[in-house]
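Below is one structure, written out as structure tokens; the observations come after it.
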């Protein structure tokens, strides 16, 4: 993989950190007094504000990474890589911030299958 590919993967990781915070962070932030009193519309607006930064990294990563734009990845490869990153970021987030989430054998098997999916999507 070339430097562009590494740059794209880094941008996808940053994008997915913002995405996870926007989509699931409010579930943890409800423990804060000021946040728990917000109406749903307030929570949605805060999540949209966080998601803005997701798109600031996701869109350029896809544009730079797509092979028709000179990048190293096909459209399918970009999507599979993004999904694996998304699920990895989510698992790290949920195990750190939600202590009730416990990884079990089937979760580990699912991750192994994700690695297999990445291998298969890049196989010629």
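Read the figures in this text as sums done on the coordinates, not as results from a lab. Computed from a predicted structure; not experimentally measured.
Residue separation of residue 34 and residue 123 scaled by 0.36 nm, minus their Cα-Cα distance, works out to 27.0 nm of gained length. Using just its DSSP H runs of length 4 or more, each adding -39500 (n - 2.57), the chain gives a mean residue ellipticity at 222 nm of -27000 deg cm²/dmol after division by all residues. Taking all Cα-Cα distances within region 1-57, those exceeding 18 Å account for 43%. Shape analysis of the chain yields a ratio of the Cα radius of gyration to the Kirkwood radius, Rg/Rh, of 1.04. Seen against the Cα atoms of the chain and their longest principal axis, helix 40-65 is set at about 10 degrees.
Annotation for region 97-122 versus region 11-30: alpha-carbon center distance of 19 Å.
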